[in-house]
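First the structure, in the form of structure tokens, and then the observations on it.
The values are calculated or read from the model by the stated rules, or taken from the named source; none is laboratory data. For clarity, every value in this text was computed on a predicted model and none was experimentally measured. Virtual Cβ from ideal backbone geometry, glycine too; neighbours counted across all protein chains shown.
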Amino acid sequence: MKKIGLILSNFILISVLIINISCNSIGGYRSFKITTPAMEPTYSTGDVVLADMNAYKKNEIEFSDIVVFNPPNSPKEIYIKRCIGLPGDTLQFIDKKLWINGKKIDESEYVQFTSEKIFPYDDEMPDPYELSKTKYGISNDGHRPFIPFRDNSAKLIVPKTEYFLVGDNRDNSLDSRMIGFVNRKSILGKVVSTKEE
């Protein structure tokens, strides 16, 4: 009887492992723990999110998707940010407000600001690509491709195959405003759910 029980329990264990492996390979979901306040108020430090790592194999990345990706400044790390710039979009930040293709975007549903201070910018800020060709610029070889900013920017055109990804906690997030555009190949998946620990 003990042998039958042991065989049965081993069979169940092996079946569960096979089902789990199948689900992981078919579903392609992966969990990530939020370690910074960069996505507040949407996600808090300590939250665990579930990402569909196959979401973009057939579907396009859309405005406002929250994605997991390898940032160009640190490609071995994984960041979680919101997509606000698609290829071909013209973006501009004016006094913390986002404008896309000349239209002011209402982000009040998910964005928070923790500072009243607005960092100014220079109206004569050079074009990011022209700047990158000079000795003063930083090329897009895993580093930021333009002058970093927080609250105000020149108009930025998102290049083909690139995306502009930012945190919802706009005054406390290391994102595309500092590290530059993120290539499509670096975007790993789409966050689909969250649970607090």
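So that you can scan it fast, the table gives a plain yes or no per residue for (1) in contact with a helix residue (DSSP H, G or I) (Cβ under 8 Å, 6 or more places away or on another chain); (2) of a type in the set (Phe, Trp, Tyr):
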| residue | (1), (2) |
| --- | --- |
| TYR43 | no, yes |
| ASP52 | yes, no |
| LYS57 | no, no |
| GLU62 | no, no |
| ASN73 | yes, no |
| CYS83 | no, no |
| LEU86 | no, no |
| PHE93 | yes, yes |
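All of (1) assigned to a loop (DSSP other than H, G, I, E, B); (2) under 18 Å from GLY180 (Cα atoms) hold for LEU91 with one exception: (1). Here ILE21 meets the list (1) modelled with pLDDT under 95; (2) surrounded by 14 or more Cβ atoms within 10 Å (Cβ to Cβ); (3) over 24 Å from PRO159 (Cβ atoms); (4) not acidic (Asp, Glu) almost entirely, failing just condition (2). Residues that are in contact (Cβ under 8 Å) with a residue 60 or more places away in the chain and of a type in the set (S, T, N, Q) were ranked within the stretch 146-168; the one that is surrounded by the most Cβ atoms within 10 Å (Cβ to Cβ) is SER153.
From the set of residues in the stretch 64-76 that are out of contact with any Gly (no Cβ under 8 Å at 6 or more places or on another chain) and at pLDDT below 95, which is surrounded by the fewest Cβ atoms within 10 Å (Cβ to Cβ)? That would be LYS76. The residues of the stretch 41-63 that are within 16 Å of ASN172 (Cα to Cα) and surrounded by fewer than 19 Cβ atoms within 10 Å (Cβ to Cβ), listed by number, are PRO41, SER44, THR45. Scanning the stretch 155-169 for residues that are of a type in the set (A, V, I, L, M, F, W, C) and not in a strand (DSSP E or B) turns up just one, VAL158. Checking each residue of the stretch 167-176 against the condition of being within 30 Å of LYS58 (Cα to Cα) and modelled with pLDDT under 85 gives no match. Of the residues making up the stretch 107-124, just one is of a type in the set (D, E, K, R), exposed (fewer than 13 other Cβ atoms within 10 Å of the Cβ) and modelled with pLDDT of 95 or more, namely GLU109.
Among residues belonging to the stretch 28-40 that are under 28 Å from LYS58 (Cβ atoms) and surrounded by fewer than 19 Cβ atoms within 10 Å (Cβ to Cβ), point out the one that is modelled with the lowest pLDDT. Only one residue fits best here, namely GLY28.
For the stretch 31-58, a residue qualifies if it is within 15 Å of GLY189 (Cβ to Cβ), in contact (Cβ under 8 Å) with a residue 24 or more places away in the chain and either among the polar types (S, T, N, Q) or in contact with a Pro (Cβ under 6 Å, 6 or more places away or on another chain) (or both), and exactly one does: ASN54.
Scan the stretch 126-139 and give yes if some residue there is modelled with pLDDT under 90, touching a strand residue (DSSP E or B) at 6+ places or on another chain (Cβ under 8 Å) and within 24 Å of SER64 (Cβ to Cβ), otherwise no. So that I can check it myself, show each step before the final result.
So in the stretch 126-139, the residues modelled with pLDDT under 90 come out as 126-139.
Still in the running and touching a strand residue (DSSP E or B) at 6+ places or on another chain (Cβ under 8 Å): 128.
Filter once more, so that each one left must be within 24 Å of SER64 (Cβ to Cβ): 128.
Yes, there is a match, as at least one residue in the stretch 126-139 is modelled with pLDDT under 90, touching a strand residue (DSSP E or B) at 6+ places or on another chain (Cβ under 8 Å) and within 24 Å of SER64 (Cβ to Cβ).
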